[in-house]
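Asks: Below is a structure I'd like to ask you about.
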Amino acid sequence: PRIARRWDKSAGKWRDISEPRLWPDQYVHHAVIQVLEPVLMRGMDKFCCGSIKGRGIHYGVKAIKKWMRTDPKGTKYAEELDIHHFYDSLTIETVMARLRRLVKDRRMLDVCERLMKYGVLIGAFFSQWFANTVLQPLDQMIRNSGLCDHYMRYMDNLTLFGRNKRKLRKLRGMIEDWLAGRRLKLNNKWQLYPTAKRTVAALGYRFGHKFSLLRKRNMVRLKKSLSECYRAMRKHQKIRPKLAQGLLSRLGQMKHCNHVHFFEKYVETGLQRKLKLVVREHTRKEQARWNMCTEPLKSTA
């Protein structure tokens, strides 16, 4: 695959993204996962989110909101953990050892091993599924330990809630031992704190017991986009379609948190309608352009 180095705004770091060829690589990736998905989903933790249909960011947001609102004792303390360079550290041997426990078809196992010829790469469709599969036993160990009240994992980011700080520390030691057996380790920036004094940062939001807010860096980017949009409107310039699409997406994030005062202070009345008109006009032009390119040539005879 072609490797492209790109800046990840949400994480604030560079990532090496692999771009496999559409044919035949990506066709094979999707064909393999279509067959393996029922097998990989068997035993998947209920709150394993990310890269799974129906389990995106807002699936996890709803769960954390519910825990914080209905179980103040069980969410007295929160612990945030992150696996250090997860995809880079995940070896083919570790993935294949897990797949051999789930799949007994030698031909399928051979195909999976050949897919990972260049490693478990970020950007390849199969990588996210294989990564979640490797961490399934970790999820089961955390659930069965009885040391935490609530647990959420979004790919390699773990968020744990409990009523006892000592139990959470003990659980972190168990997680570190489990990861060490797979040549993985936790990031040194783990955090353990009382939720009464600090909001829980996860999935792009900050959660309190009676409220939820957008994370600071996401809020800063939203305000910058709004400033650029208002500047264009004051100068009677056209709003760029890319800016309109991004701004609508960011404003959509605000619907899942306490946002009333933000809209009153920063968002002008009718702004979203104007942005939607810009996006629709751009979409119509793009569709017309592609239809002209794909129309069959008419015979002149």
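The values are calculated or read from the model by the stated rules, or taken from the named source; none is laboratory data. Since this is a predicted model, take the numbers as computed values, not measurements. Note that each Cβ is placed from the backbone with ideal geometry, even for glycine, and that neighbours are counted across all protein chains shown. We work out accessible area using only protein heavy atoms, side chains counted, and drop any ligands, DNA or RNA first. Shrake-Rupley method; radii C 1.70, N 1.55, O 1.52, S 1.80 Å.
Asks: Given the conditions (1) open to solvent by less than 80 Å² (accessible area, probe 1.4 Å); (2) out of contact with any helix residue (DSSP H, G or I) (no Cβ under 9 Å at 6 or more places or on another chain); (3) closer than 24 Å to LYS13 by Cα, which single one is not true for LEU214?
Replies: Only one criterion is unmet by LEU214, namely (2).
Asks: What single numbered condition from (1) in a strand (DSSP E or B); (2) closer than 23 Å to GLY56 by Cα fails to hold for LEU248?
Replies: (1)
Asks: Do any residues in segment 178-194 that are part of a loop (DSSP other than H, G, I, E, B) have Cβ atoms under 8 Å from those of residues that are open to solvent by 40 Å² or more (accessible area, probe 1.4 Å) and acidic (Asp, Glu), where the two are at least six apart or on different chains, and which pairs are they?
Replies: LYS185/GLU176; ASN187/ASP82; LYS189/ASP82; TRP190/ASP82
Asks: Taking the conditions exactly as written (within 28 Å of HIS261 (Cα to Cα) and part of a helix (DSSP H, G or I)), does LYS224 satisfy them or not?
Replies: yes
Asks: How many residues are open to solvent by 10 Å² or more (accessible area, probe 1.4 Å), assigned to a loop (DSSP other than H, G, I, E, B) and in contact (Cβ under 8 Å) with a residue 24 or more places away in the chain if we restrict to segment 48-78?
Replies: 6
Asks: For segment 10-52, what are the residues that are in contact with a strand residue (DSSP E or B) (Cβ under 9 Å, 6 or more places away or on another chain) and among the basic types (Lys, Arg)?
Replies: Residues satisfying the conditions are LYS13, ARG15, ARG21.
Asks: Against the conditions (1) part of a helix (DSSP H, G or I); (2) among the hydrophobic types (A, V, I, L, M, F, W, C); (3) touching a Lys or Arg at 6+ places or on another chain (Cβ under 9 Å), where does LEU81 fall short? Just the number, please.
Replies: The failed condition is (1).
A quick yes/no check of all residues on (1) at pLDDT 95 or above; (2) surrounded by fewer than 20 Cβ atoms within 10 Å (Cβ to Cβ):
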{"residue": "LEU109", "(1), (2)": "yes, yes"}
{"residue": "LYS117", "(1), (2)": "no, yes"}
{"residue": "GLY123", "(1), (2)": "no, yes"}
{"residue": "GLN128", "(1), (2)": "no, yes"}
{"residue": "PRO137", "(1), (2)": "yes, yes"}
{"residue": "ILE142", "(1), (2)": "yes, no"}
{"residue": "GLY146", "(1), (2)": "no, yes"}
{"residue": "ASP149", "(1), (2)": "yes, yes"}
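Asks: Residues of segment 113-146 being in contact with a strand residue (DSSP E or B) (Cβ under 7 Å, 6 or more places away or on another chain) and either without any contact (Cβ under 8 Å) to a residue 24 or more places away in the chain or assigned to a helix (DSSP H, G or I) (or both), which ones?
Replies: Listed by number, the residues that qualify are ASN132, ASP139, ILE142, ARG143.
Asks: Test VAL95 against the stated conditions and say whether it is in contact with a Cys (Cβ under 9 Å, 6 or more places away or on another chain) and either at pLDDT 95 or above or surrounded by fewer than 14 Cβ atoms within 10 Å (Cβ to Cβ) (or both).
Replies: Yes; evaluated as a whole, the condition is true for this residue.
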